[in-house]
Amino acid sequence: MSIPIKIAGLGFQVPKTVITNDDLTQILDTSDEWIRTRTGIGKRHVVSGNETALDLGINAAKQALEKSKIDVKDIDYIIAAASFGTHIYPSTACEIQNAIGANNAACFDITAACAGLIYSMGIARGFMKSGMAKNILIVATDTVSRCVDWTDRSTCVLFGDGAGAMMLTVADDGQDDILAVDLISEGNIGHHIVMPTAGKNCPLVEPNDLEPMHIKMNGKEVYKFVVTKLPTYVEKCVEKSGLKMEDIDYLVPHQANLRIIEALQKRLNFNPNNVISNIEEYANTSAASIPIALVESVRNGKIKLPCSAILTGFGAGMTVGTAVVRLREGIV
Ligand code: ACO
């Protein structure tokens, strides 16, 4: 019999510092009107001073752990979806392990950009269903504000920083909360969102002129890819779950652009009142955007528990991930 998985706890953390669209006009030739009408973004929370993705991730992880009531020593794995952690190594997951005292866990990071939470859920689900693990902590944390080019107005205005966490455990009551996961990558169009990691060559050889460490994105191509392909991938995952689209209470999409979210809602014919968006407040927080939207919406009453939901994200790679889940009371 398939091992049932419980989504036992969730949490999120964003930096306190807020930058509005109007603030950005001090450093860019842009306007609140342009950014709002093209994206739905009004502001973004960004790290300031020495604040890091690790700090945000630790706080989100502690919240999810507390809600789950699982003993930190019983965590078997920590998976961090962190495209731009504080260090390439040690991994963000190992650093979170150390900070929360999860001494019995094996820890690693994955890179799936904005689809990172769903990819991590897919990996965790496989580990748990095969009996390799009983308790897995997922932390999605990114500080994209540190890797955008703040002179590139077509990209830098889109992003914010944040972290979200999800604690998974084997369900004692037999209810499986992760009904389906569908992951797909389209590496052939990966060049539309690129973040190089150029280092310096050995001083004894010719220096390189590789691109600096800044996100470069062809927004138009990403937009086209997402609005044409994402709905089909979501439908495929819903079909796998055994539920019907009309039976699912909420749609919680990655918060990249309000126009993409609206196009997805229309194509899926999903009740617009039950499509979750908080992009106005947080912008695109990469892998953290789905858990931030989920947790905040439960806290402010927009999502009522218990419920079912579609979580769907897409990002650099290109990666696309969708999960159909059940969310119980008490997890937020
Ligand atoms: N302020 C003012 N003008 C701007 C700005 C700005 N911030 N940015 C671009 N413009 C200008 C451009 O220079 C261009 O001017 P021109 O016509 O004189 O050349 C004009 O606005 C139109 O630019 P476009 O790029 O055509 O604008 P578009 O309508 O395509 O919107 C956007 C751009 C918002 C980026 C959109 O394409 C989009 O949202 N794409 C999807 C991005 C996405 O979802 N990324 C998610 C993945 S992120 C990850 O995985 C890390």
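Read-outs: derived from the displayed coordinates by stated rules, not from any lab. In this text the structure is predicted, and so the values were computed from the model without any measurement. Here the Cβ is made from the backbone with ideal geometry for all residues, glycine too, and neighbour counts use every protein chain on show.
Summary of values
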quantity	calculated
Dipole magnitude of the chain, debye to nearest 20 (Cβ charges: Lys/Arg +1, Asp/Glu -1, about Cα centre)	580
Gyration tensor (Cα) of the stretch 121-201, equivalent ellipsoid semi-axes in angstrom	35, 16, 13
Computed over the chain: relative contact order in percent, which uses C-alpha pairs under 8 Å that are six or more apart	26
Given charges at Cβ of Lys, Arg, Asp, Glu: the chain dipole, positive-most of Pro212, Ile58, Gly116	Gly116
Paired Rg and Dmax values of the stretch 5-170, which use every Cα atom, in angstrom	17.2, 54
Within the chain, helix-based [θ] at 222 nm, where runs of 4 or more DSSP H residues each add -39,500 (n - 2.57), nearest 500	-9500 deg cm²/dmol
Label-point separation in nm, Ser185 to Tyr89, each point 7 Å along Cα→Cβ	1.9
Pairwise FRET efficiency - Thr197 versus Asn300, Cβ, R0 = 35 Å, nearest 0.05	0.40
25 °C / 0.890 mPa s Stokes-Einstein diffusion coefficient of the stretch 40-79, Kirkwood radius on C-alpha pairs, µm²/s	196
Where only C-alpha atoms are counted, convex hull volume of the chain per residue in Å³	144
Difference of contour (0.36 nm per residue) and Cα-Cα distance, Thr30 to Asp172	45.8 nm
Protection proxy ranking of 254-263, 234-243, 79-88 - average other beta-carbon atoms within 10 Å, highest first	79-88, 254-263, 234-243
Compactness relative to 2.2 N^0.38 Å, alpha carbon Rg of the stretch 149-244	1.62
Percentage relative contact order, the stretch 178-327, counting C-alpha pairs under 8 Å, at least six apart	35
Separation between Cα centres of the stretch 87-137 and the stretch 1-76, rounded to whole Å	17
Given Lys134/Lys224; Lys6/Lys244; Lys43/Lys229; Lys134/Lys244; Lys236/Lys302; Lys69/Lys302, the pairs whose alpha carbons are separated by over 31 Å	Lys134/Lys224
Protection proxy ranking of 120-132, 313-325 - average other beta-carbon atoms within 10 Å, highest first	313-325, 120-132
Cα Rg, Dmax (largest Cα-Cα span) when computed across the stretch 260-332, Å	12.4, 35
Quotient of C-alpha Rg and 2.2 N^0.38 Å, computed over the stretch 173-298	1.37
Relative contact order of the stretch 5-170, pairs being alpha-carbon contacts under 8 Å that are 6 or more residues apart, as %	34
